[in-house]
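> What follows is a single structure, and I will ask about it in a moment.
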């Protein structure tokens, strides 16, 4: 193995998906050791032990979730290089990931070779946003009333995750199960979110999400 081989930490809660990522990346000559974990809490622990060159991470995971994991990794390790590989290709997700500290963003709908290319690029110190997502990153800054953009930006990573689920019609009990949070915690998040977005109902949240292109 070359001394320049890139060490990768994979973070995704689906076992089959992680296995596929490993096979894809391991087939590349420039990729070295690969370690995988199924949630953000473990990623923060494994990062310190493994010291990867690149973290390839999903956003939708139980527990603290992808955005909060990015924030924590970057706070504790300012040089962390994180590449998001997510099913979400909406502009607001790309924006939030970059704001949290990610160095790149690739959609899971992209061709397999795009992920390998992205890993190599971010490992070299450059930013990589999948080409088809670039216009959307620009568009989000123009879409919708300014107060909506500012209010959503003010949401914490966890609040943003809960907001997206509430806007899509999930109940607090369903979100509690999906995110491995207590019902009380989800209810508190919901209250704070509605206050920040000046929303009274789930329908109001859905309207905000529609303006941002989330639903």
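Taken together, the values in this text are just the output of simple stated rules run on the coordinates, not laboratory data. Predicted model, so just to flag it, every value in this text is computed and none were measured. Because the Cβ atoms are built from the backbone with ideal geometry, glycine has one as well, and the counts that use them run over all protein chains shown.
> Just one of the numbered conditions (1) free of Cβ contacts under 8 Å to residues at least 40 places away in the same chain; (2) under 20 Å from residue 101 (Cα atoms); (3) in a helix (DSSP H, G or I) is not true of residue 16; which one?
(2)
> Give, as residue ranges, the strands (runs of 3 or more DSSP E) completely inside segment 47-136 that count at least 3 residues that are under 23 Å from residue 159 (Cβ atoms).
Per the criteria, 82-86.
> Residue check, residue 198 against (1) in contact (Cβ under 8 Å) with a residue 40 or more places away in the chain; (2) more than 13 Å from residue 152 (Cα to Cα); (3) more than 22 Å from the chain's Cα centre (by Cα), all met but one. Which one?
Answer for residue 198: the failing condition is (2).
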